[in-house]
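Derivation of every value follows stated rules applied to the coordinates shown; laboratory data play no part. Computed from a predicted structure; not experimentally measured.
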């Protein structure tokens, strides 16, 4: 592990500006939101009086696909489907302090594509597998450089000699 560098945490690379839906938005509106903004999931939130987004659940492309195709295939709408009817309530969430390796482990072990980042019940952002991959790649590159510096430190005498005794003379 890299000693001189703090292990990145979710708060360091999460997406803070997250599109959300309300629990009463219709299935069609939720699907349209996913499609038009090229998203694979939308957190379902209620805003409290202070303007904080309180996470209720998450709706994914898979959820919309399942419910829309069932309605079309069976040719009936039994009730007006809303985000609150199709969302996964109480989704797996992480805190802003969750470290990079814990996030990588969650994504690898459970196959999630995105995880909400919450403090208590307040949605702060979302972290994706790609965010974690990008962060771990940067961390790895930094680690490799540090390892090379430890095992192959620069020979300062060569650098000084080049300055005062150029080989071209």
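Could you list log10 I(q)/I(0) for the range 41-112 at q = 0.13, 0.16, 0.18, 0.25 Å⁻¹, which the Debye formula gives when each Cα is one point scatterer? Listed by q, the Debye log ratios stand at -0.55, -0.74, -0.86, -1.14. Spatially, the range 65-104 and the range 127-142 are offset by 26 Å when compared through their Cα centroids.
Under Stokes-Einstein, with the Kirkwood radius over Cα pairs as Rh, the value for the range 1-132 at 4 °C and 1.567 mPa s is 82 µm²/s. Of the beta bridges in the range 10-164, as assigned by DSSP with both residues counted there, near 90 percent are antiparallel. The relative contact order of the range 10-164, computed from alpha carbon pairs under 8 Å that lie at least 6 residues apart in sequence, is 26 percent.
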